[in-house]
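The values are calculated or read from the model by the stated rules, or taken from the named source; none is laboratory data. Computed from a predicted structure; not experimentally measured. Virtual Cβ from ideal backbone geometry, glycine too; neighbours counted across all protein chains shown.
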Amino acid sequence: DVKVTQSSRYLVKRTGEKVFLECVQDMDHENMFWYRQDPGLGLRLIYFSYDVKMKEKGDIPEGYSVSREKKERFSLILESASTNQTSMYLCASRGRPAGELFFGEGSRLTVL
Amino acid sequence: DAKTTQPNSMESNEEEPVHLPCNHSTISGTDYIHWYRQLPSQGPEYVIHGLTSNVNNRMASLAIAEDRKSSTLILHRATLRDAAVYYCILRRRYGGATNKLIFGTGTLLAVQP
């Protein structure tokens, strides 16, 4: 079975801190995604990557950056966390452009 | 990106069929219809997808209207474990947009024992 693992289920950070959210997949998938999920807003795409060192902005990239140095790992970075970035963050991977998405269990970030 | 419209919530009784509707009146000819669901405290999981013809798999059936402006996800016998948020999503077949799956707010399905 495909496994997408997110490094932390729960994080609490302070305003202005730098935050790293790590995601690792074990199926050699080329495409990886970061979404955030908020009540009433559903899932919104932040960034995605279609290959190592390649990335594209999603619908809400402001305040975020990403890194894909290895195929299996896709990191989401909050350079200076703010309270409006308190959210559930979901990582996903996909093997083919037409394939299904496999999601991790999510990382719930609280910024105080 | 073409949008989908789903009811915010639905209720069903255990062991009865459930029909979850989705409207996508601006669908284009190359858009696939995907369904995902999200169980409590988990990431979304793939359920089914189709283009024009009805589709069946072990989890559900997908009925697509002839004009493709709407579709229905059918759970043949709902169980308590089917209580989840169900998302109907359009995926473009060609071009850079194929990399993006745009999720809406979905339908929260409650299953009563």
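Brief remarks follow.
- Condition check for B:ALA83: free of Cβ contacts under 8 Å to residues at least 40 places away in the same chain and either closer than 23 Å to A:PRO39 by Cβ or out of contact with any Gly (no Cβ under 6 Å at 6 or more places or on another chain) (or both): no
- Residues that are of a type in the set (Val, Ile, Thr), under 10 Å from the mean Cα position of the chain (by Cα) and within 14 Å of another protein chain (Cβ to nearest Cβ) within region B:44-80 comprise B:VAL47, B:ILE48, listed in sequence order.
- Flag for A:VAL12 being β-branched (Val, Ile, Thr) and in contact (Cβ under 8 Å) with a residue 60 or more places away in the chain: yes
- Taken together, A:GLY16, A:GLY63 contain a single residue that is modelled with pLDDT of 95 or more, touching a helix residue (DSSP H, G or I) at 6+ places or on another chain (Cβ under 7 Å) and not acidic (Asp, Glu), which is A:GLY63.
- Among the residues of region B:29-48, the ones that are touching a Leu at 6+ places or on another chain (Cβ under 6 Å) and small (Gly, Ala, Ser) come to 1 in all.
- For A:GLY106, the conditions (1) on the phi < 0 side of the Ramachandran plot; (2) buried (at least 20 other Cβ atoms within 10 Å of the Cβ) are fulfilled apart from (1).
- Region B:1-15, subset surrounded by fewer than 21 Cβ atoms within 10 Å (Cβ to Cβ) and within 11 Å of another protein chain (Cβ to nearest Cβ), residue farthest from A:GLY40 (Cα to Cα): B:ASP1
- Residues in region B:16-38 that are among the β-branched types (Val, Ile, Thr), more than 12 Å from chain A (Cβ to nearest Cβ) and farther than 14 Å from B:ILE48 by Cα: B:VAL18, B:THR26, B:ILE27.
- Number of residues in region B:19-43 that are under 12 Å from the mean Cα position of the chain (by Cα), closer than 30 Å to A:LYS3 by Cβ and surrounded by 19 or more Cβ atoms within 10 Å (Cβ to Cβ): the value is 8.
- Against the numbered list (1) of a type in the set (A, V, I, L, M); (2) in a loop (DSSP other than H, G, I, E, B); (3) within 9 Å of the chain's Cα centre (by Cα), A:ILE60 comes up short only at (3).
- Enumeration of residues in region A:71-112 that are aliphatic (A, V, I, L, M), touching a strand residue (DSSP E or B) at 6+ places or on another chain (Cβ under 6 Å) and within 14 Å of another protein chain (Cβ to nearest Cβ): A:MET88, A:LEU90, A:ALA92, A:LEU101
- Residue match in region A:21-35 (condition: part of a strand (DSSP E or B) and surrounded by fewer than 14 Cβ atoms within 10 Å (Cβ to Cβ)): no
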